[in-house]
Amino acid sequence: MSNRSHPLLQIRSEIDPLKTILLHRPSRELEQLIPKYLDEMLFEDIPYLEQMQKEHDEFALQLTSRGIEVLYFENLLKETLAQQDARVQIVNTVIDELHVNSASLKEDIRQLLLSRSSGELAQTLLAGLSKNEVPHSADEKRLSFYIKEGFPFYLDPLPNLYFSRDYGTVIGNRLSVNTMKARARKRESMLLEQIARYHRRFTSAGVDLWHHYNEKDSIEGGDILILSPEVIAIGCSARTSPEGIEELAERIFEKDTGFREVLVLQIPFARAYMHLDTVFTMVDRDKFSIFPGIAEHIKVFSIKPGSKGGLSIIPRENLKKTLSESLGLRGIQLIETGGGDLLTAEREQWNDGTNTLAISPGCVVTYRRNTVSNDILRKHNIEVVEIPGSELVRGRGGPRCMSMPLYRETE
């Protein structure tokens, strides 16, 4: 893992040149998906892992070929677990959060986890621990084992981990370890927080946190867009609560004097519009990709520091006008996916046509399959870097969802 002269964390715009990013390469956790538990695991289909990995490798290659440093979650976790104090802390936290009532069974699982090598333990924490992996004699099995025998895991797998955008967000020079809405994803944030606490790459940078994984109110990274060094947009969605937004805004205004406004964009609470970045992303300083028709359904609020402390919250009427005024730009372009055709837009939005990852101003990564939306971006002078996504998209997320930018170079 290379050392850089710049600090580890710096994000003050969605579109500044990307230098360091955190990814998770899909692995064995995806092979633990079975049809009857798809809803519980937040999936609608079972991807083909080998093809999925090839597609993800192409994504990473497109980044590294442009000089972007790619860090991998599993590698960071394995290196963190090599430290004894970190290993014990992480295993203890996992055991405390297990939905297992038997103290003796919990202790058996604890000892089993601690007996594994750093690499084996990292894989177990991500791919899950099945009941068959824990030794049981017939007289040791409790009634709950038989009643709940249909569910095969003591420790659930984390098939959504490759959507690294959601569980952590760099805002300014600090990391927000986000509180995930769904139980199926909460361990993702816990592991990230332990990496930030123990891994030398983070500790040497003196990383501070805006938010901790176990706070009460949910907020997820797919809803957080850093529009400029002064303005942040946060979606109020099915996954991000208004209380979580207010708490984060208060902390940012108190500790980072650069940011002066948080724009809250309330989107319809629907699976198809899971996060703000499924319908709205920034592709250049004055250009945004947007799902057609959604602007009329977005409620906009401006949050600024109150004159006497607290927050000043003002409803706004028009998304485009608000963006123009807040960013100090005379002309804002909202580029509709699907070329404005609703049928095409709905099909390509389902395949994350709006979920672009900017790697520099006016240059974005998208799925190749969204041909109409990609052509529309090009017609607006946006460079489009296409990646395959026939299997990656089955988890309902695009290039932005699959990435956690850690450092962007300010211009």
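The values are calculated or read from the model by the stated rules, or taken from the named source; none is laboratory data. All of these numbers come straight from a predicted model, not from anything done at the bench. When we count neighbours, we look across all protein chains shown, and the Cβ atoms used for this are built from the backbone with ideal geometry, even at glycine.
Residue pairs whose Cβ atoms lie under 8 Å apart, separated by 6 or more positions or on different chains, with the first residue in segment 171-198 and farther than 27 Å from residue 233 by Cβ and the second among the hydroxyl-bearing types (Ser, Thr, Tyr) and surrounded by fewer than 20 Cβ atoms within 10 Å (Cβ to Cβ), are 194/93; 197/203.
Look at (1) in contact (Cβ under 8 Å) with a residue 40 or more places away in the chain; (2) among the hydrophobic types (A, V, I, L, M, F, W, C); (3) touching a strand residue (DSSP E or B) at 6+ places or on another chain (Cβ under 6 Å) and you find that residue 267 fails only one, number (1). Taking the criterion of being in contact (Cβ under 8 Å) with a residue 24 or more places away in the chain, under 16 Å from residue 389 (Cα atoms) and not hydrophobic (A, V, I, L, M, F, W, C), would at least one residue in segment 99-107 satisfy it? No: segment 99-107 contains no residue that is in contact (Cβ under 8 Å) with a residue 24 or more places away in the chain, under 16 Å from residue 389 (Cα atoms) and not hydrophobic (A, V, I, L, M, F, W, C). Checked against the criterion of being over 27 Å from residue 394 (Cα atoms) and surrounded by 17 or more Cβ atoms within 10 Å (Cβ to Cβ), the candidates 315, 292, 305 yield just one match: 305. Of the helices (runs of 4 or more DSSP H) contained entirely in segment 286-405, not one carries at least 3 residues that are under 22 Å from the mean Cα position of the chain (by Cα) and modelled with pLDDT of 90 or more. Residue 326 - would you say it is farther than 27 Å from residue 380 by Cα, in the same structural domain as residue 375 (by TED's automatic domain parsing) and among the polar types (S, T, N, Q)? No, not satisfied. Looking only at residues of segment 165-185 that are buried (at least 19 other Cβ atoms within 10 Å of the Cβ) and basic (Lys, Arg), we find that the one that is farthest from residue 38 (Cα to Cα) is 174.
Only one of the listed residues (88, 94) is under 24 Å from the mean Cα position of the chain (by Cα), part of a helix (DSSP H, G or I) and at pLDDT 95 or above. That residue is 94.
Restricted to segment 203-235, and to residues that are part of a loop (DSSP other than H, G, I, E, B) and charged (D, E, K, R), which residue is surrounded by the most Cβ atoms within 10 Å (Cβ to Cβ)?
Our first condition is that a residue be part of a loop (DSSP other than H, G, I, E, B); within segment 203-235, this holds for 204-208, 212-220, 227-230.
This time we only want the ones that are charged (D, E, K, R), so: 208, 215-217, 220, 230.
Numbers: 208: 11, 215: 16, 216: 9, 217: 16, 220: 31, 230: 14.
Within segment 203-235, the match that is surrounded by the most Cβ atoms within 10 Å (Cβ to Cβ) is 220.
A single entry from 98, 129, 81 fulfils the requirement of being out of contact with any strand residue (DSSP E or B) (no Cβ under 7 Å at 6 or more places or on another chain) and within 20 Å of residue 161 (Cβ to Cβ): 81.
Listed by first and then second residue, the pairs with beta-carbon distance under 6 Å, at least 6 apart or on different chains, first residue in segment 342-356 and closer than 10 Å to residue 280 by Cα, second of a type in the set (Phe, Trp, Tyr) and buried (at least 17 other Cβ atoms within 10 Å of the Cβ), are 354/291. Applying the criterion of being free of Cβ contacts under 8 Å to residues at least 60 places away in the same chain and in a helix (DSSP H, G or I) to the residues of segment 50-77, the residue that is surrounded by the fewest Cβ atoms within 10 Å (Cβ to Cβ) is 50.
Checked against (1) in a helix (DSSP H, G or I); (2) surrounded by 15 or more Cβ atoms within 10 Å (Cβ to Cβ); (3) not acidic (Asp, Glu), residue 42 meets all criteria but (1). Looking across segment 252-285 at every residue that is in a helix (DSSP H, G or I) and crowded, with 16+ Cβ neighbours inside 10 Å, the one that is modelled with the lowest pLDDT is identified as 273. In segment 351-364, what residues are of a type in the set (A, V, I, L, M, F, W, C) and crowded, with 23+ Cβ neighbours inside 10 Å? Within segment 351-364, 357, 358, 359, 364 meet the criteria.
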